[in-house]
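Here is the structure we will look at.
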Amino acid sequence: MLLKNRAVYRYNDFLKTLISQFKYRGDYALVHCFKQDFTQAFKQAFPTIDKKTKLVPIPLSTERLSARAFNQAEALASLLPYQQLPLLKRIEGEKQAKKNRQARLTSKNPFELTKRCEPEPVIIIDDIYTTGATIHHAAHVLKRNGYQKIASFTLAR
Amino acid sequence: MNNYAKRFAGRLLLRDELKLTEPEFTDLTLRKQLTPIQAITKHYFSYRCERCGNTAKDLFGKIPCSNCRQNHHYCRKCIQMGRIMFCTPLYKWTGPPPIWPPQSEEPLGWGGKLTPAQQQASDQIIKAIKTKQAELLINAVCGSGKTEMLFEGIALAITQQKRICLTSPRADVIRELLPRFQQAFPETSIVGLYGGSGKNHQTAQITLATTHQLLRYDHAFDLLIIDEIDAFPYHADPSLPYAARRAQKQDATMIYLTATPRQDLLKRKPPTVFVPVRYHGHPLPLPKSKLTYKLSPSELPTCFWNWFNQRKNKTRQLLVFTATIEQAEKYRPSLVERLPDKVIHSVHAEDSDRIEKVQQFRKKEIDILLTTTILERGVTFPSVDVAVIDAGHQVFDQAALVQIAGRAGRSPDDPTGEVVFIHDGKTRAIRDSITAIRLMNKRAGFH
């Protein structure tokens, strides 16, 4: 169903520490470390991209957004020269990172559409692609609302 | 209310560090027991983080805050302790001061005896506390029994219902001291704080903490003891002395403990007491300096082997210090080859088995340990000889060499140990460290 998922880096120990500082310690300034690789890898992954393509960052729950003060997916998306569209929001606050693989693959879809728009090509942006469950759920919601050209791009895999 | 006072007095905490429920928090803030202060303030052309004192502009990051809907700054310097943002205040306790329980009996449960030199230092500490002296430097050699020297003074402070803190730059020192203090002061509340201890919300009359933890305190302690004041990172990171100064109360007493005080401290000429003799009464081993014409990256020099084979006690364990992690690992194969019946390992800061290897060496399960300066201080091995390879390297400054030499001869059962500095050119550090040791021995009456 998904057109394709691409990632910039392999999620190794070093990246884990770096992303942990970025996300969990909230060190926003680190986003600038990724700019060059992120934009270059994006160009390579989507060389013939439609200019109307919108970026859809994976949303955080209101609680998490308030605590973290920023959405890491939005931060990454803002590195790219395409418009962002916050098409998704979370239904409940279920912390994905604390679930095991089984739980992630069988959990209910936590997302819903925020607003109805004319469907355009979209690329879902997130920081880490582990099982792909989060992105899969997100793509599913978009698909059933008329979006057909869906891809995803993450910082790490 | 006293419980809240005990928890928060003298602390500088973020909202989630307070660990209070919403109703508790609202109540305390409305009644002005807790007062918010701005966490990041303007400071000339830059800013200042009120927790760590950072004023370097490039250590402040900008964040598009979703709560404030605007870009503002946050402090990157102390982010490891929780993010300080422009919009998150720090909370101070402005309620009544905490009252520590009065001691009806002698708080000191330690039944040991101090050597005359230790007793002298202990008396000076007591005097300093009684007269509210601002500073006291205890220049005590490695192995002089610094911890025991503090006990009587701390006992006095406890009976005076004072709040005490002992801080060290290293977490393993705090971990080691905690049980010793709990035994020495069985009726007093004690807490050990270090990154990962999980006890950061606890408060006690005696706080043992790594220097970084002091960043959460403000005018808290009546007695502040800084152990290894010359060690990294205390002497390299200005936010740590800043935190230590701020953590003490107005008329508190600060005590510095070190075997190797640096120039910046000596220049100020603080009141000093020397403890030049080790608790077992024997002199400090005097290092030998050996010149070699070439230091090979993978083979230990001939003069090392000559020294090794001419040692008086060949069964003693050996600590070999190298300048870099790389060298510690590179020298190992040639040692293993020449000494096939000895257990030889290397250890360094990035070694995941570090703690285990140190333990094994202590239990005499390892014969020879190659190490970097990570083991230069704070560790006690009962019976070792010490060799420093490439002692002229810049990482071996005077303090480091004195501390390294101090690893030998620590046990009363084996109070001598041989120390050799192998170099390809004598540096001032080598010369001055040997002079310093000789001088301390002279002070102690050994010639």
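Side notes on the structure shown:
- Residues with amide H under 5 Å from that of B:L13, placed H, sequence gap 5 or more: B:Y91
- Residue among B:F25, B:H73, B:A9 farthest towards the positive dipole end of segment B:1-143, charges placed on Cβ: B:H73
- Antiparallel DSSP beta bridges within chain B, percent to nearest 5: 30
- Lysine-lysine proximity count for segment B:1-103, Cα under 29 Å, sequence distance 8 or more or distinct chains: 20
- Segment A:105-157 versus segment B:298-359: alpha-carbon centroid distance in Å: 56
- Scanning chain B for long hydrophobic helices, with DSSP H runs required to stretch 15 angstrom or more by C-alpha along their axis and to average at least 0.0 on the Kyte-Doolittle scale, returns B:146-159.
- With a threshold of 29 Å on the Cα-Cα distance, the over-threshold entries among A:K4/A:K98; A:K115/A:K149; B:K127/B:K442; A:K98/A:K143; A:K23/B:K330 are A:K23/B:K330.
- Averaged over the residues of B:82-95, the number of partner chain Cβ atoms lying within 10 Å of the residue Cβ comes to 1.
- Excluding same-chain neighbours fewer than eight residues apart, the aspartates and glutamates reachable from A:K89 by a Cα-Cα span under 19 Å are A:E63, A:E74, A:E112, A:E118, A:E120, A:D126, A:D127.
- Shape category assigned to segment B:336-400 from the gyration tensor of Cα positions, a/c cut at 1.5: prolate
- Remark on A:I124: its backbone amide H falls under 5 Å from those of A:V56, A:A151, A:S152, A:F153, a criterion applied only to residues 5 or more positions apart or on other chains, H modelled at 1.01 Å from N.
- The label-point distance for B:Q360 and A:K16, in a model that sets each label 7 Å from Cα toward Cβ, rounds to 2.4 nm.
- Within a Gaussian network of chain B (alpha carbon springs, distance under 10 Å), most fluctuating of B:E337, B:E152, B:E418: B:E337
- This model, with +1 at the C-beta of Lys and Arg and -1 at the C-beta of Asp and Glu, gives segment B:20-153 a dipole about its Cα centre of some 860 debye.
- Max mean-square fluctuation residue, GNM over chain B, Cα-Cα springs under 10 Å, options B:Y44, B:Y256, B:Y293: B:Y44
- Listed values for segment B:192-198 are Karplus-derived 3J(HN,Hα) couplings in whole Hz (6.51 cos²θ - 1.76 cosθ + 1.60, θ = phi - 60°), namely x, 10, 7, x, x, 6, x, and x replaces Gly and Pro.
- For the protein assembly as shown, the Cys residues with no second cysteine's beta carbon closer than 4.7 Å are A:C33, A:C117, B:C87, B:C142, B:C165, B:C303.
- The magnitude of the dipole of chain B, with charges of +1 and -1 set on the Cβ of Lys/Arg and Asp/Glu and taken from the Cα centre, is near 1020 debye.
- Note on A:R144 and B:L291: with the Förster distance fixed at 51 Å, the Cβ-Cβ geometry gives a FRET efficiency of about 0.05.
- The protection proxy used here, the mean number of other Cβ atoms lying within 10 Å of each residue, ranks peptides A:56-64, B:381-389, A:134-142 as follows, highest first: B:381-389, A:134-142, A:56-64.
- Taking a ≥ b ≥ c as the square roots of the eigenvalues of the alpha carbon gyration tensor, segment A:48-95 is prolate, as a/c is not under 1.5 and a/b beats b/c.
- Whether chain A is rounded, prolate or oblate, judged on the alpha carbon gyration tensor where a/c under 1.5 counts as rounded: rounded
- For B:K426 and B:E24, a Förster radius of 56 Å and the Cβ-Cβ distance give a FRET efficiency of 0.30, rounded to the nearest 0.05.
- Per-q log10 I(q)/I(0), segment B:275-421, q = 0.09, 0.13, 0.14 Å⁻¹ (Debye; single scatterer per alpha-carbon; no solvent): -0.24, -0.53, -0.62
- Value at 222 nm in deg cm²/dmol, rounded to 500, when DSSP H runs of n ≥ 4 in chain B each add -39,500 (n - 2.57): -8500 deg cm²/dmol
- Rg(Cα)/(2.2 N^0.38 Å) for the protein assembly as shown, N = residue count: 1.17
- Rounded to the nearest 20 debye, dipole of segment B:1-57 from Cβ charges on Lys, Arg, Asp, Glu: 260
- Pairwise FRET efficiency - B:V395 versus A:K51, Cβ, R0 = 51 Å, nearest 0.05: 0.35
- A:N100 paired with B:K62, simple spin-label distance in nm, labels 7 Å along Cα-to-beta-carbon: 4.6
- Residue among B:T292, A:Q44, B:S189 farthest towards the positive dipole end of the protein assembly as shown, charges placed on Cβ: A:Q44
- Placing unit charges on each Cβ (+1 for Lys and Arg, -1 for Asp and Glu) gives chain A a dipole about its Cα centre, and among A:P86, A:V56, A:A139 the Cα reaching farthest toward its positive end belongs to A:A139.
Computed from the coordinates by the stated procedures, all read-outs in this text should not be read as laboratory data. Predicted model, so just to flag it, every value in this text is computed and none were measured. FYI the Cβ positions are ideal-geometry reconstructions off the backbone, even for glycines, and counts take in every protein chain you see.
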